[in-house]
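Reviewing the structure listed below.
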Amino acid sequence: MSTATPKALILPADWRDFFALTKPGVMRLVIFTALCGMLAAPGTLHPVLAFTAILCIAVGAGGAAALNQWWEADIDAVMKRTSRRPLPGGRMERESARDFGFALSGLSVMTMGLAIGWLAAGILAFSIFYYAWIYTVWLKPRTPQNIVIGGGAGAFPPLIGWIAVTGHITLMPVLLFLIIFMWTPPHFWALALFVQIDYSKAGIPMMPVVAGEKSTRWQILAYAAVLLPLSMTPWFIGGTGRVYGLAAFLLGAVFLWLSVKVGLRTSTPGDGMKPEKRLFAYSIFYLFILFAMLVVDRFATIYGLQA
């Protein structure tokens, strides 16, 4: 790896730069899905312990993000949408990002283990390793399937949140993991379609760059088609009630319809990629609402509002 910015040009980092290393935009989704997994799980957790568990998941995700930016500083400098991050922007020493990432990662895992349990801590540790090494270092620069396999990194939070409450792994939290795992490729490839020039310049073998737009579009459609029944599986197995089941169907149907529009079209120069941008924006809304309805369903059952 080459240093993204000459040392003489590096300015002193402040707290905003360290906070930016944690990718706060991504962390919001991590925290939300972890919290939903925790609230939907059978059982209760003391509020202080629940807050500690969520904090550990958030800090662990932030540590993994910092390690990701430490490793990819030279790549981020080439890409337009990442060029203003602290490292390519010349506001921080590369070693500072590395040390910050390791410190956050270690602190989050140890605190989770001591306060909540070592099963949750072990999975948290593996999720950090998965994102920082398996995805960032190994998969991303080598294969167009990087986001497919690497999607597992973002699928761990609800699993960890559930285990923090119950102390063991069952089918339901695994299904929550799989829903995010299958959601990630169409979500990320929709983005990759309208920023593929960035990936091409950086030499990252994203699907649109390597396999072309047509193949990427068909794969987006295929994943969306699988996601719809998968998202309803918690209802099919009796893990949720009708509130979640109906929401999963309606949300998934819209996701599939937007994916059809992306999958069956051919872009032309200057067309703005509006269907792709619409799918990308909706995919974020989809995941937030789907997991929110998981919690609504749980409380509707507790308070006898559904059979």
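The values are calculated or read from the model by the stated rules, or taken from the named source; none is laboratory data. What you are looking at is a predicted structure, and each value in this text was computed from that prediction instead of being measured. Note that we place each Cβ from the backbone using ideal geometry, even for glycine, and neighbour counts take in every protein chain shown. Note: accessible area is taken over every heavy atom of the protein model, side chains too, but ligands, DNA and RNA are not part of it. Shrake-Rupley method; radii C 1.70, N 1.55, O 1.52, S 1.80 Å.
Within the stretch 17-41, the set of residues being in a loop (DSSP other than H, G, I, E, B) and open to solvent by 30 Å² or more (accessible area, probe 1.4 Å) comprises Lys23 only.
Within the stretch 113-130, does at least one residue satisfy the condition of being open to solvent by 30 Å² or more (accessible area, probe 1.4 Å), within 13 Å of Ile54 (Cα to Cα) and among the small types (Gly, Ala, Ser)? Within the stretch 113-130 (the criterion being open to solvent by 30 Å² or more (accessible area, probe 1.4 Å), within 13 Å of Ile54 (Cα to Cα) and among the small types (Gly, Ala, Ser)), the answer is yes, since at least one residue qualifies. Look at the stretch 174-201: where a residue is in contact (Cβ under 8 Å) with a residue 60 or more places away in the chain and hydroxyl-bearing (Ser, Thr, Tyr) and a partner is part of a helix (DSSP H, G or I) and buried (at least 20 other Cβ atoms within 10 Å of the Cβ), sitting 6+ places away or on another chain with Cβ atoms under 9 Å, you get Tyr199/Ala192; Tyr199/Pro208; Tyr199/Val209. Determine whether Phe156 is modelled with pLDDT of 95 or more, farther than 24 Å from Phe288 by Cα and part of a helix (DSSP H, G or I). Judged against the criteria, Phe156 is not a match.
Number of residues in the stretch 211-220 that are free of Cβ contacts under 8 Å to residues at least 24 places away in the same chain and either under 16 Å from Ile149 (Cα atoms) or of a type in the set (A, V, I, L, M, F, W, C) (or both) equals 0.
Does Val148 satisfy the condition of being under 19 Å from Ser283 (Cα atoms) and either part of a loop (DSSP other than H, G, I, E, B) or touching a Pro at 6+ places or on another chain (Cβ under 9 Å) (or both)? If you could, list the steps in order and put the result at the bottom.
Numbers: under 19 Å from Ser283 (Cα atoms): yes; either part of a loop (DSSP other than H, G, I, E, B) or touching a Pro at 6+ places or on another chain (Cβ under 9 Å) (or both): yes.
Yes, satisfied.
Close Cβ contacts (under 7 Å, 6 or more residues apart or on different chains) running from residues in the stretch 268-282 that are under 15 Å from Glu213 (Cα atoms) to residues that are assigned to a loop (DSSP other than H, G, I, E, B) and not small (Gly, Ala, Ser) comprise Pro275/Arg265.
Could you tell me whether Trp133 is within 19 Å of the chain's Cα centre (by Cα), open to solvent by 20 Å² or more (accessible area, probe 1.4 Å) and within 30 Å of Ser215 (Cα to Cα)? Reasoning before the result, please.
Details: within 19 Å of the chain's Cα centre (by Cα): yes; open to solvent by 20 Å² or more (accessible area, probe 1.4 Å): yes; within 30 Å of Ser215 (Cα to Cα): yes.
So Trp133 passes the test.
Looking at the stretch 66-117, which of its residues are outside any loop (DSSP other than H, G, I, E, B), aliphatic (A, V, I, L, M) and at pLDDT below 95? Those that are outside any loop (DSSP other than H, G, I, E, B), aliphatic (A, V, I, L, M) and at pLDDT below 95: Ala73, Ile75, Ala77, Val78, Ala97. Among residues of the stretch 294-307 that are closer than 25 Å to Phe177 by Cα, those with a Cβ under 8 angstrom from a residue that is in a helix (DSSP H, G or I) and aromatic (Phe, Trp, Tyr), sequence gap 6+ or separate chain, pair up as Leu294/Tyr244; Val296/Tyr244; Asp297/Tyr244.
Within the stretch 194-210, if we keep just the residues that are under 18 Å from Gly150 (Cα atoms) and among the aliphatic types (A, V, I, L, M), the residue that is surrounded by the fewest Cβ atoms within 10 Å (Cβ to Cβ) turns out to be Val210.
Given Ala50, Ala20, which one is within 30 Å of Leu178 (Cα to Cα), aliphatic (A, V, I, L, M) and modelled with pLDDT of 95 or more? Even if it seems obvious, please write down each step before you answer.
Values: Ala20 fails: modelled with pLDDT of 95 or more.
After applying the criteria, what remains is Ala50.
Would you say Leu246 is open to solvent by 30 Å² or more (accessible area, probe 1.4 Å), modelled with pLDDT of 95 or more and either out of contact with any helix residue (DSSP H, G or I) (no Cβ under 9 Å at 6 or more places or on another chain) or not in a helix (DSSP H, G or I) (or both)?
Numbers: open to solvent by 30 Å² or more (accessible area, probe 1.4 Å): yes; modelled with pLDDT of 95 or more: yes; either out of contact with any helix residue (DSSP H, G or I) (no Cβ under 9 Å at 6 or more places or on another chain) or not in a helix (DSSP H, G or I) (or both): no.
When the stated conditions are applied, Leu246 does not pass them.
Within the stretch 42-67, the set of residues being surrounded by fewer than 24 Cβ atoms within 10 Å (Cβ to Cβ) and either among the hydroxyl-bearing types (Ser, Thr, Tyr) or over 13 Å from Pro157 (Cβ atoms) (or both) comprises Pro42, Gly43, Thr44, Leu45, His46, Pro47, Val48, Leu49, Ala50, Phe51, Thr52.
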